[in-house]
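J.: Have a look at this one.
The values are calculated or read from the model by the stated rules, or taken from the named source; none is laboratory data. None of these values were measured; they are calculated from a predicted model. All Cβ positions, glycine included, derive from the backbone under ideal geometry; neighbour counts span all protein chains shown. All accessible areas refer to the heavy atoms of the entire protein, side chains included, with ligands and DNA or RNA removed. Shrake-Rupley method; radii C 1.70, N 1.55, O 1.52, S 1.80 Å.
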Amino acid sequence: MAIRVFRNPLFVALAPPYHLCSTSFPTLLHIVIRLSRCRLLIAGFFVLATAASTLAQTATVRGFVRDASDGQAMLGVNVTLRNDDGAFYGAATNSDGYFILNRIPVGSYVLRATFIGYEEIEEELTLAAEEIVTRRYDLEIAAIEGGEIVVEAEAEGAAGMQAAGLSTVRAADIERVPTAGVSADLASYLQTQSGVVAVGDRGGQLFVRGGTPTENLSLIDGIPLYQPFHVIGFYSAFPSDIIQSTDVYAGGFGARYGGRISSVLDVKTRSGNSRSFAGTASIDPFLVTGLVEGPIVPNRASILLSARQSIIEDTSPDLLDQDLPYLFWDRFGKLNVDINTTNSVSVTALRTYDRGNLSGLEELTDAETSALNTNDDQVVWDNQAYGVRFLHVPSTLPILATVLGSYSRLENTFGPADSPERTSAVQTTNASASLTYSLGETEIDAGLEVRNVKLEYNLGGLFQEIDEGEEFLTEASAFVESAIPLSDRFILRPGIRFSSFRGKATIEPRARVIWRPGGPEGNQQISAAWGLYRQDFAGLVDRRDAGDVFTAWVTSPVGDDVPGAMHAILGYEVEPTRWLNIGLEGYYKTLDNLLINEFTSFPRFSTGLQPADGRVYGVDLNMEINTPRFYGYLSYGLSEVAYDAQQESLEIWFGTDEITFNPSHDRRHQLNAVAQLDVYGFDLSVRWQLGSGLPFSQSAGFDTYVLLDSLRNVLEEPGDARVLYSEPYGGRLPVYHRLDVSLERDFAIGDRANAGLQIGLINAYDRRNLFYLDIFTLRRINQLPLIPSFGLKVGFR
């Protein structure tokens, strides 16, 4: 009997009124006392739970499950206990391969560990009172007649894994989406989701259900990453080759996540092969890639190294007969050591670099290009992330403990490489500890985190209000949440997060619920999520100009002006058959005390700030078809994002100091269709996307501006010409649509090597999608043109 495991239960908490979720305290001592009380409550909770468990005279079975072929932790393995009386207990492994069955009555049981495509593990256990049994199981790949080996992931994909804002993505899901080359990437997959908006094929900016990129939390093995996407929109810092699983929260995320108000991208990378050496290498018109992995100490310690380097800057003149001035690369490494059965440590390191000019130089003639300094509008991102994660299973308690230390830094510049006009940097040092406690079918998570943030910016003295500075933030936070199965049909997950920064304390209750009307074996699911969120620093980007992606990181004002959000989500999912899954999800968000760029007549980067509130609402519909030879995924999103801004100078231009507008990422309609078909041993993948036009600010006219910072003879120095904007984002760009196609075939080379050939077309019918319009020259800047793709990938194991 297979167990359907609820991986996405609800957070439901007794929430104080919203205005009480930010409470000021006069001294840091009071904040520490409050947080200490929270820790005492959490500790007391565990003590009472432990006492209850001991009095019950029960036992615990726990452990880890690995893939015997490479030593990888296995996610989603069903582990069950059954006795002769018919009593039945079950759990599933998490991303660390960890499972726990707690409060099991004493007696004799048969334990089974099962996963599709693998041989079943079976063991007889006799459990004594208060005994904790720890096991490690290695599952062997199942062999079928003829000696052929077949491994299938569980039939769960984009729609099938959704529950109230959460979808779980695996490498197999990513590889179904056509990309610009042979290297599959998480960025291409994310852009097929109905709630995710990309403003273009370039720029590395994704907006999730109305939130801006700087309001999204991106994590790699728990380490914050400030710029997870490359300057070419098809690529991120996360190639599918390094990913074990990814949790994508479009909203309603739980109490363990903090510091952002929009979404969470939580990437867990896989460990290197601890049994034998393996590797891959690939080349296509966009990228050259390489990956190697293997044991340092067999079955104990392994390493995985990955590197990717773009070559499109060199290949585009011959391939496309135009220049694409973009360079990007990433380097990733992970060391994993299993110290013993109950302790392990891993070290993760990531470095990315991007340089590009988004002003459309590929559209210029050679004469126009030579007349310009092509580095004047150059943007550079330099990204670093390093972390150490320690996993511990105490011998006498049913607890999984995790300790994480990390360092992240992002440097962003704009302008000539030798003398940039603007620079900005954000640096974070994190230390956190969390515990997962199992109390029968109830699971409790709790943790503490301390975060130090350093913000640096130098804007050249040309802009308003913010010129040059260095700021420091320290935040302490604690969370507790619990998964409570009230019945086999209904699961609650209440959660609450406490944070303190710059003398300010916040309380953020979260809630999630899952209801299966037909029970665990039913084909329907109703889920909901709700939560309050706060963010204490922000990234400023002047979104009036799509070609400007420079970000200035600044602190949020102290007091009641800290940016916040409320999320409410309701979802319904049904599986009419085993091969069809349909999901429908509605959401509503309120955004408070946002910091947005002041709307001025200057069509250039502005660091003047104005307050704004916002609201986001929408509906996402997803349908997934999964058969042995055909996979199809269709998503449609209908949404609206609106800001209400207040600014005194608005009255000069528009006769009112308050204005409501749709920001530049308000895409009302979005449709994505993905199909993958097995045709005589070839994998044919097709993706078509359609998006309604994004808002942009139109020009109203021209005037001459005179800066009266000293005595000036206006007859001899009449001033500078400038463009005047009309109302904010009053126009709409044309509809965006694009078709991508790829055909791939894999070949075996002997017993230990393989090769893959891929050909494809990006923007197959050469749609001239508009990226943005230069309001100074009225020159049209298009998205990427038709790009033929061909690639080769080889591997050994």
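J.: In angstroms, what radius of gyration and Dmax does region 209-360 have, counting Cα atoms only?
T.: Just the Cα atoms of region 209-360 yield Rg and Dmax of 17.9, 58 Å.
J.: Looking at region 272-336, what % of the alpha carbon pairs are farther apart than 14 Å?
T.: Working: 1294 of 2080 pairs.
Percentage above 14 Å: 62.
J.: Using only the heavy atoms of the protein chains and a 1.4 Å probe, how would ASP284, ASP644 rank by accessible area, largest first? Before the final figure, lay out the partial values.
T.: Values: ASP284 5, ASP644 35 Å².
Descending accessible area places them as ASP644, ASP284.
J.: So, one more: Mind pulling up the Rg/Rh value for region 156-284? Radius of gyration and Kirkwood radius, both on Cα.
T.: Values: Rg = 14.5 Å, Rh = 15.2 Å.
Using only Cα positions, Rg/Rh for region 156-284 is 0.96.
J.: Between ARG489 and PHE630, what is the spin-label point distance in nm, taking each point 7 Å from the Cα along the Cα→C-beta axis?
T.: Distance between the two pseudo-spin positions: 3.5 nm.
J.: Now a separate question. How much accessible area per residue does region 449-538 have, counting only protein heavy atoms and a probe of 1.4 Å, in square angstrom?
T.: On the way: 3350 Å² over 90 residues.
Accessible area per residue: 37 Å².
J.: Further question: Any chance you could check the Cα centroid distance between region 672-723 and region 273-330 for me, in angstrom?
T.: Going from one Cα centre to the other spans 32 Å.
J.: Would you rank MET74, MET623, MET566 by solvent-accessible area, highest first, keeping every protein chain in place and using a 1.4 Å probe? Show your work: numbers first, answer last.
T.: Details: MET74 15, MET623 70, MET566 35 Å².
Largest accessible area first, the list is MET623, MET566, MET74.
J.: Tell me the chymotrypsin sites (Phe, Trp or Tyr not before Pro) within region 237-320 that lie in a loop according to DSSP and have at most 12 other beta-carbon atoms within 10 Å. Mind showing how you got there, number by number?
T.: Numbers: sites: TYR249, PHE253, TYR257, PHE277, PHE286; in loops: PHE253, TYR257, PHE277, PHE286.
Counting only loop positions with at most 12 other Cβ atoms within 10 Å, none of the chymotrypsin sites (Phe, Trp or Tyr not before Pro) in region 237-320 qualifies.
J.: Right, something else. Of all the accessible heavy-atom surface of region 170-240, with the other protein chains kept in place and a 1.4 Å probe, what percent is carbon and sulfur? Mind dumping the intermediate values first?
T.: Numbers: 520 of 990 Å².
Here it works out to 52 percent.
J.: Using only the C-alpha atoms of region 176-244, find the volume of their convex hull and express it per residue in Å³.
T.: Values: hull volume 6.4 nm³, N = 69.
So the per-residue Cα hull volume is 92 Å³.
J.: Hey, another quick one. Among the chymotrypsin sites (Phe, Trp or Tyr not before Pro) within region 726-779, which fall in a DSSP loop and have no more than 13 other Cβ atoms within 10 Å of their own Cβ? Provide the component values of the computation, followed by the final result.
T.: Working: sites: TYR729, TYR736, PHE747, TYR765, PHE771, TYR772, PHE776; in loops: TYR729, TYR765, PHE776.
Here the chymotrypsin sites (Phe, Trp or Tyr not before Pro) that fit, given the DSSP loop and packing criteria, are TYR765, PHE776.
J.: Gain in length, SER276 to VAL450, computed as 0.36 nm per residue apart minus the alpha-carbon separation, to one decimal in nm?
T.: On the way: separation 174, 0.36 × 174 = 62.64 nm, distance 3.85 nm.
Full extension of this stretch gives 58.8 nm more.
J.: Right, something else. Rounded to the nearest 10 Å², what accessible area does LEU724 have for a 1.4 Å probe in the complete protein model?
T.: LEU724 exposes around 30 Å² with every protein chain in place.
J.: Moving on. Once each part is reduced to its C-alpha centroid, what is the distance from region 777-797 to region 68-130 in angstrom?
T.: For region 777-797 versus region 68-130, the Cα centre distance is 47 Å.
J.: Please report the Cα spread of region 402-538 along all three principal axes, rounded to whole Å, starting with the longest.
T.: In descending order, the Cα extents are 64, 30, 25 Å.
J.: Could you tell me the accessible area of TYR617 in Å² (1.4 Å probe, neighbours in place), rounded to the nearest ten?
T.: 100 Å²
J.: In µm²/s, what is D for region 615-741 at 37 °C and 0.692 mPa s, where D = kT/(6 pi eta Rh) by Stokes-Einstein and Rh is the Kirkwood radius from Cα pairs?
T.: Numbers: Rh = 19.0 Å.
For these conditions, the coefficient is 172 µm²/s.
J.: Quick one, what does Rg over Rh come out to for region 465-510 if you take C-alpha atoms and the Kirkwood Rh? Let's see the in-between values first.
T.: Values: Rg = 17.9 Å, Rh = 13.6 Å.
That ratio is 1.32, to two decimals.
J.: Across the Cα atoms of region 741-793, what radius of gyration and what greatest pairwise Cα-Cα distance (Dmax) are found, in Å?
T.: 18.3, 61
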